[in-house]
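Colleague: Please find one structure pasted underneath; my questions will follow.
The values are calculated or read from the model by the stated rules, or taken from the named source; none is laboratory data. It should be emphasised that the depicted structure is a prediction, and the values quoted were computed from it without experimental measurement. Neighbour counts run over all protein chains shown; Cβ positions are idealised from the backbone, glycine included.
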Amino acid sequence: MNFLRLPRATPYLLLLPAIVVILGVVLVPLVVSFWTSFTPYNLTKPATLFQFVGLRNYERLLGNADFWWAFGRTILFITIALNLEMVLGLGLALLINKVTWGQRTLRTIMMFPMMFSPILVGFQFKYLFNDAVGLVNNALFDLGIIQQPIPWLVDGSLAPLTIILAEVWMSTSVFAILLLAGLMALPKEPIEAAKVDGCNPWQVFRHITLPFLMPFVYIAMTIRSLDVARAYDMVRIMTNGGPAGRTELLWTLMTRTGYNNSQMGMANAMGYVSILTSILFTYYFYRKLVSARAFMGGAQ
Amino acid sequence: MAEVRLEKVVKRYGKLEIVHGIDLAVAHNEFVVLVGPSGCGKSTTLRMIAGLEEISGGTIRIGDRVVNELPPRSRNISMVFQSYALYPHMSVRENLGFGLKIAGQGEDEIKKRVDEAAEILGLGELLDRLPQHLSGGQRQRVAMGRAIVRHPDVFLFDEPLSNLDAKLRGQMRVEIKKLHQRVKTTVIYVTHDQVEAMTLADRIVIMRDGHVEQVGTPSEVFERPVNTFVAGFIGSPPMNLIEAVVTTGKARLADGIEVPLPPDARVSEGLPIVLGFRPESFAPRGHSLHADARALSLSRTVVIAEPLGTETILFTTLGGKDVQGKMLAPRPVSPGEQLEFTLDLDRLHVFDHASGVTLR
């Protein structure tokens with residue numbers, strides 16, 4: 001007990017509650033889940049939690065086509081959604097940056113989609129794209145563009161597109177907000193200097209504005225790649241991985257494996273592969289961010 | 001050939017008019033400095049010439065073209081900004097060559113002109129660095145280099161030295177002057193610093209509240225200021241300005257001292273006037289600039305003495321106001337000392353008290 005009375009013990013004592021919370025909330029689940037990824041842990045057979053099988057789960061994963069399809073689909077999903085959101089968000093930010101009257105209101109309105117729960121967005125889009133009663137098909141019918149209903153969520157190639165559309169609808173404003181912040185922080189003089197130097201508006205954008213914005217683009221990319229990599233809720237509602245697994249992403253596969261098939265050990269192994277992928281993405285974008293920022297400064 | 005001609009140029013932001021119909025003609029290869037306190041409209045005027053601000057009224061011509069509706073890129077001008085405005089993601093070489101690249105010049109031509117500009121400005125060693133690795137003075141030189149590589153018709157400078165420390169400012173002032181001698185081009189230069197205006201300009205344009213107060217060579221605005229504003233703005237330390245009333249052909253100060261007025265002063269009996277004299281016209285006997293001038297002797301008590309080496313600024317009072325005198329070839333002076341001052345009567349300025357306009 002003497003140690004606790006020493007002055008040098010004070011910081012440890014003060015930090016103790018935080019340490020206990022972190023241990024309980026983060027570290028223990030992390031260690032346990034990491035352990036289970038080396039066991040054939042099945043929710044229905046608790047004893048399997050203590051049966052160490054080494055890398056068997058990971059070995060099976062590497063040879064599992066379903067897993068690799070889901071993995072590839074997730075990467076593709078991230079790539080398409082992020083790039084679309086980037087381009088649309090940049091366009092939105094540039095437009096809103098030009099608005100002088102009512103910009104604050106517009107900024108707030110722009111953020112509305114972010115305020116909805118993804119589950120509700122999923123339901124909404126499921127309804128919009130329903131082949132029988134959906135608004136989209138009804139509108140296309142009434143306009144005479146189609147004669148047969150389009151099975152948006154049932155067709156194997158349309159379903160992923162529909163999900164991407166919902167994702168883009170909900171999250172483009174994240175890019176728009178971050179890029180708008182970048183645009184507002186943009187120093188005025190280099191742009192004026194470029195105008196005097198002979199640039200037309202496109203050249204000013206291409207050579208001055210865009211390089212200035214790149215750090216903001218990479219920050220947005222980092223945040224959003226983490227978000228999209230764990231896409232689950234919207235997909236679960238809209239297609240639940242279907243039709244025939246054509247929209248199965250890593251997290252829907254993981255949940256199916258862990259809770260429907262009770263193979264928690266295997267699901268945790270998938271989880272760790274997915275986390276590793278996310279870390280790689282983050283690392284990549286972070287490197288890009290650092291190198292884009294290295295150029296900045298020194299304008300004034 | 002590129003004269004710049006402003007006719008009745010007006011700038012309005014909504015209902016607020018901040019430049020009120022300026023007329024100005026800048027000759028080919030002339031170095032004109034717009035000077036005035038902050039908010040006088042000098043930068044706005046320059047930015048209208050550059051095309052960065054819309055012109056609300058009047059016309060601006062560069063050469064024989066009316067440029068009112070032309071974007072900056074079509075005016076063949078270069079501009080150096082107060083904050084340098086370098087492109088932070090480009091090396092010095094890319095910064096210098098950017099305008100040429102945009103104009104579609106060939107690699108060889110760009111390299112030739114960039115090297116030439118780098119040689120003129122002593123930037124050779126720095127060509128591969130990024131702006132963030134340059135000092136303030138170096139950045140300023142890159143900004144100037146970027147302006148000269150394009151061989152523009154007109155150079156515009158917007159307070160280019162005000163971010164530099166005093167010593168560097170002095171050096172760069174000389175470099176700008178040399179640059180103009182070497183690269184003969186029309187220059188319009190904005191500053192709030194009257195020393196820069198005096199040292200650089202062929203002609204000075206003194207502005208206040210969106211109006212031009214006086215246009216003239218440095219010696220004209222120094223020796224013949226048209227009103228009290230110009231008189232007080234140009235010259236350092238500033239001109240002493242003291243209220244007086246014309247009494248029997250003399251200026252009677254508040255403390256009863258009577259100063260003979262110059263014979264050409266257009267004054268009438270009883271007129272309230274402002275008497276102006278520069279510190280160098282008010283010196284202790286034997287320490288004045290013009291020893292042979294007609295002078296009035298005044299015995300004054302020194303309040304503060306500021307020795308500057310080659311001269312000492314003496315603070316005293318006259319006509320109930322604080323005034324400054326300048327002692328050339330100084331000897332040590334202590335506060336409280338009574339000195340015999342001479343006031344140079346040939347270099348007196350007389351202004352109307354109500355309007356501030358000169359009466360000579």
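Colleague: Would you mind finding the one in A:ALA231, A:ALA139 that is more than 14 Å from chain B (Cβ to nearest Cβ) and either touching a Phe, Trp or Tyr at 6+ places or on another chain (Cβ under 8 Å) or charged (D, E, K, R) (or both)?
Modeller: Every option except A:ALA231 fails the conditions.
Colleague: Quick check on A:LEU180: is it in contact (Cβ under 8 Å) with a residue 60 or more places away in the chain, away from every other protein chain (no Cβ under 14 Å), assigned to a helix (DSSP H, G or I) and over 30 Å from A:GLY134 (Cα atoms)?
Modeller: Answer is yes for this residue.
Colleague: Another question, then. May I ask you to say which residue of B:ARG300, B:ARG278 is buried (at least 18 other Cβ atoms within 10 Å of the Cβ) and under 25 Å from B:GLU213 (Cβ atoms)?
Modeller: B:ARG278
Colleague: To continue, here is another question. Within region A:209-245, how many residues are over 19 Å from the mean Cα position of the chain (by Cα) and over 30 Å from B:HIS89 (Cα atoms)?
Modeller: Adding up the residues that qualify gives 4.
Colleague: Taking region B:119-134 as the region of interest, how many residues are more than 14 Å from every other protein chain (Cβ to nearest Cβ) and at pLDDT 90 or above?
Modeller: Residues flagged as more than 14 Å from every other protein chain (Cβ to nearest Cβ) and at pLDDT 90 or above within region B:119-134 amount to 1.
Colleague: Next question. For region A:1-57, which fully contained helices (runs of 4 or more DSSP H) count at least 3 residues that are more than 32 Å from the chain's Cα centre (by Cα)?
Modeller: Of the helices (runs of 4 or more DSSP H) lying wholly inside region A:1-57, those with at least 3 residues that are more than 32 Å from the chain's Cα centre (by Cα) span A:2-5, A:10-22.
Colleague: Another question, if that's okay. Is it the case, given these coordinates, that A:GLY258 is away from every other protein chain (no Cβ under 14 Å) and modelled with pLDDT under 85?
Modeller: Here the answer is no, as A:GLY258 does not meet what is asked.
Colleague: Within region B:224-238, is even one residue free of Cβ contacts under 8 Å to residues at least 40 places away in the same chain and in contact with a Lys or Arg (Cβ under 7 Å, 6 or more places away or on another chain)?
Modeller: Looking for residues that are free of Cβ contacts under 8 Å to residues at least 40 places away in the same chain and in contact with a Lys or Arg (Cβ under 7 Å, 6 or more places away or on another chain), one finds none in region B:224-238, hence no.
Colleague: Sticking with this one: Could you list all residues from region B:150-164 that are at the interface with another protein chain (Cβ under 10 Å from one of its Cβ atoms) and within 21 Å of B:LYS112 (Cα to Cα)?
Modeller: Those that are at the interface with another protein chain (Cβ under 10 Å from one of its Cβ atoms) and within 21 Å of B:LYS112 (Cα to Cα): B:ARG150, B:PRO152.
Colleague: Considering only region B:61-74, state which residues are surrounded by fewer than 22 Cβ atoms within 10 Å (Cβ to Cβ) and either within 9 Å of chain A (Cβ to nearest Cβ) or hydroxyl-bearing (Ser, Thr, Tyr) (or both).
Modeller: Within region B:61-74, B:PRO71, B:ARG73, B:SER74 meet the criteria.
Colleague: Here is a further query. Counting just the residues of region A:54-77 that are in contact (Cβ under 8 Å) with a residue 60 or more places away in the chain and among the basic types (Lys, Arg), which one comes out nearest to A:VAL228 (Cα to Cα)?
Modeller: Among them, the one singled out is A:ARG73.
Colleague: Has region A:218-231 got any residue that is in a helix (DSSP H, G or I), buried (at least 20 other Cβ atoms within 10 Å of the Cβ) and modelled with pLDDT under 85?
Modeller: There is at least one residue in region A:218-231 that is in a helix (DSSP H, G or I), buried (at least 20 other Cβ atoms within 10 Å of the Cβ) and modelled with pLDDT under 85.
Colleague: Let me ask something additional. Taking the options A:THR209, A:THR222, A:THR277, name whichever one is within 14 Å of chain B (Cβ to nearest Cβ), under 30 Å from A:ALA181 (Cβ atoms) and not hydrophobic (A, V, I, L, M, F, W, C).
Modeller: A:THR209
Colleague: While we're here: Taking the condition surrounded by fewer than 15 Cβ atoms within 10 Å (Cβ to Cβ) and in contact (Cβ under 8 Å) with a residue 60 or more places away in the chain, does B:ALA354 pass?
Modeller: yes
Colleague: Would you check if there is a residue in region A:198-206 being closer than 22 Å to A:LYS288 by Cα, at pLDDT 90 or above, more than 11 Å from chain B (Cβ to nearest Cβ) and in a helix (DSSP H, G or I)?
Modeller: Looking for residues that are closer than 22 Å to A:LYS288 by Cα, at pLDDT 90 or above, more than 11 Å from chain B (Cβ to nearest Cβ) and in a helix (DSSP H, G or I), one finds at least one in region A:198-206, hence yes.
This table checks each residue for (1) more than 12 Å from B:PHE282 (Cβ to Cβ); (2) surrounded by 16 or more Cβ atoms within 10 Å (Cβ to Cβ); (3) touching a residue at least 40 places away in the same chain (Cβ under 8 Å).
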residue: B:LEU308; (1), (2), (3): yes, no, no
residue: B:PHE315; (1), (2), (3): no, yes, no
residue: B:ALA329; (1), (2), (3): yes, no, yes
residue: B:SER334; (1), (2), (3): yes, no, no
residue: B:GLN338; (1), (2), (3): yes, no, no
residue: B:PHE341; (1), (2), (3): no, yes, yes
residue: B:LEU348; (1), (2), (3): no, yes, yes
